[in-house]
Amino acid sequence: MSSVEHVTPAVTEDAPWWRQAVVYQVYPRAFADSNGDGIGDLRGVTSRIEHLARLGVDAVWLSPFYPSPLEDGGYDVADYRDVDPRLGTLTDFDEMVGALHAHGIKVVVDIVPNHTSAAHPWFVEALAAGRGSAARERYIFREGSGVDGSQPPTDWESHFGGSAWERVADGQWYLHNFAVGQPDLNWHSEEVRADFIETIRFWSDRGADGFRVDVAHYLTKDLGEVLPSKAELEALPWDGTHPLADRDDVHEVYATWRAVFDEYDPPRTAVAEAWVDADRLPLYASAEGLGQAFNFDLLEADFDATQFRDVVTHNLDLAARSGSSSTWVLSNHDVVRHPTRYGLAVPGRTDDGRPLVKHGATWLLSGGTEPLDREGGARRARAATLFALALPGSMYLYQGEELGLHEVVEIPDDRREDPTFFRNPGVDVGRDGCRVPLPWTPDGSSLGFGSGPAGLPQPGWMADYAVSRLEEDPTSILHLYQDAIALRRRLLRGEELTWRATGRDDVVRFARHEGWEVVTTFGREGYDLDGAEVLLSSMPVPDGVLPGEATAWVRPS
Ligand code: GLC
Ligand code: CA
């Protein structure tokens, strides 16, 4: 990699808050349950603000809390401008925002523009109105193939497995790139466009500081009468002209959103969830567009010095190209938690460096019998977290990672909820294992999650990770997160990063500013810190030697 030093545009203390924020993702149904019905809710979030404040996060991002049949954990939205009654009311939302703001914590809400729920009034209307109707024009309806139209229009597959088309009663088919209950919207429709502008205004007016944009690389599509086959689609490059994904014209949509974001003071922010070629990510992150984009490279990397270093170099280059700051993610609601990933055998990579399988997928499928090194995984997770929290840009944390939670494998089939499980029997166990309700206390019917049961069952070992227990132990991972975020806040200035030579392939070292350097040992061997003052470390540093698989923040002597 060529670049040795990264100096992104001068960032001063009055840089926009999102450039180097710590954002904490709340998955509302699994965070805290205020009324004991087993479902986490907005009042639950409000009741646990002390935890978020002690953690020191700059913002909370809430996964969808809108009315939803829950066919995809709430990413199937039936009403974009309301709160699911099981999770509370708009008043509860206002109170939550007020309380978070009073603690200096910003609020980011999730917006799901590629598809609605099948229970959305528009889709209900489309079904009733029949073929050729204006109501069907808001979605993507087609006639089936085969002599009697009884076959799907194409052989396209949904991301959750099975056909991407579903037939309705009068024989037409609709496109759903995700679950059956998530019909794709037609973004050629002016009504669709206008409605999302209204949604953005609605939440911005109610105090939302920003938006996380779900599958931001979909939305616009170019589908003529003759549709390509799956094989034809797969042969097409993702260069802005693909009929289904990452099209250049999606940025026309985001330009109109940006105009709305900028009507507010301070401007509302947005972060794109866009699974696209790295070279196309700056389009999403640009100041004329959404402003920031997730980078999932660290989340996909093994705990490996070369991979981590390359990921950082590459993403800082990309950020410099868009003028945005980079983002860093180790865990979220869609992947196996990182202490577990780092405790499993490395699954191998394709020639172009992509992971062969979703890391942890085979372990889940084995029912957890594949060997998992829980302690080693936890140790590497501590090191990776301190590494990532020291990088220029924003860190997105997922609820429970501050507790060092492992993925839960012990979920009986009849309790599972994720559509990816049901659509891929024997192939994909799905994402429920990172969506189990948080343990707040070591006892109680749902470990302090609420006074009732936990939605997805909590295994017994979760009690050891309870917030109250970790709070009492100054060496716990929770204290490491708290200390790191507090120290980061004190140390952060600009967005510089300078690599330092270590003479070792398995040790990575970089300097930030004002004497703040970061060292990570990715191998088992220790590394002599040469008398540097240790500001914070993921493991004790006896005699000035950082042990293997550890990170230290130091001030060089
Ligand atoms: C995003 C969400 C995921 C959801 C999908 C469809 O990838 O993170 O949870 O299933 O979009 O909305
Ligand atoms: Ca509840």
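The values are calculated or read from the model by the stated rules, or taken from the named source; none is laboratory data. Keep in mind it's a predicted model, so treat the numbers as computed, not measured. Note that each Cβ is placed from the backbone with ideal geometry, even for glycine, and that neighbours are counted across all protein chains shown. Ligands, DNA and RNA are excluded from the accessible area calculation, which covers all protein heavy atoms including side chains. Shrake-Rupley method; radii C 1.70, N 1.55, O 1.52, S 1.80 Å.
Can you list residue pairs whose Cβ atoms sit under 9 Å apart, with the first residue in region 471-495 being modelled with pLDDT of 95 or more and open to solvent by 70 Å² or more (accessible area, probe 1.4 Å) and the second being of a type outside the set (S, T, N, Q) and not in a helix (DSSP H, G or I)? Count only pairs 6 or more apart in sequence or on different chains.
Listed pairs, sorted by first residue: 475/540; 483/536; 489/22; 489/56; 489/58.
Quick one: how many residues across region 201-254 are assigned to a helix (DSSP H, G or I), in contact with a strand residue (DSSP E or B) (Cβ under 7 Å, 6 or more places away or on another chain) and over 23 Å from residue 141 (Cα atoms)?
So the count comes out to 1.
Can you name every one of the strands (runs of 3 or more DSSP E) wholly within region 436-527 that holds 1 or more residues which are touching a Ser or Thr at 6+ places or on another chain (Cβ under 7 Å) and closer than 25 Å to residue 58 by Cα?
507-511, 517-521
So which of 475, 420, 369, 362 ends up being β-branched (Val, Ile, Thr) and over 24 Å from residue 346 (Cβ atoms)? Even if it seems obvious, please write down each step before you answer.
Numbers: 420 fails: over 24 Å from residue 346 (Cβ atoms); 369 fails: over 24 Å from residue 346 (Cβ atoms); 362 fails: over 24 Å from residue 346 (Cβ atoms).
Being β-branched (Val, Ile, Thr) and over 24 Å from residue 346 (Cβ atoms) holds for just one of 475, 420, 369, 362, which is 475.
Determine which member of the set 457, 437, 419 is of a type outside the set (Lys, Arg), surrounded by 15 or more Cβ atoms within 10 Å (Cβ to Cβ) and under 28 Å from residue 22 (Cα atoms). Please lay out each step first, then the result.
On the way: 457 fails: under 28 Å from residue 22 (Cα atoms); 419 fails: under 28 Å from residue 22 (Cα atoms).
Checking each option against the conditions leaves just 437.
Can you tell me which residue is nearest to ligand 1 (Cβ to nearest atom) among those in region 34-58 that are open to solvent by 10 Å² or more (accessible area, probe 1.4 Å), in a loop (DSSP other than H, G, I, E, B) and on the phi < 0 side of the Ramachandran plot?
Filtering first and then ranking leaves 39.
Can you tell which of 276, 271 is farther than 19 Å from residue 209 by Cβ, of a type outside the set (S, T, N, Q) and in contact (Cβ under 8 Å) with a residue 24 or more places away in the chain?
Selected residue: 276, the only one of 276, 271 that is farther than 19 Å from residue 209 by Cβ, of a type outside the set (S, T, N, Q) and in contact (Cβ under 8 Å) with a residue 24 or more places away in the chain.
Hey, which of the strands (runs of 3 or more DSSP E) in region 59-175, taking only ones fully inside, have at least 1 residues that are surrounded by fewer than 19 Cβ atoms within 10 Å (Cβ to Cβ)? Quick ask: steps written out before the conclusion?
Numbers: elements: 59-62, 106-111, 165-167, 173-175.
Correct list: 165-167.
Any idea which of 341, 258, 309 is more than 19 Å from residue 15 (Cβ to Cβ), open to solvent by less than 60 Å² (accessible area, probe 1.4 Å), within 22 Å of the chain's Cα centre (by Cα) and of a type in the set (Lys, Arg)?
Selected residue: 341, the only one of 341, 258, 309 that is more than 19 Å from residue 15 (Cβ to Cβ), open to solvent by less than 60 Å² (accessible area, probe 1.4 Å), within 22 Å of the chain's Cα centre (by Cα) and of a type in the set (Lys, Arg).
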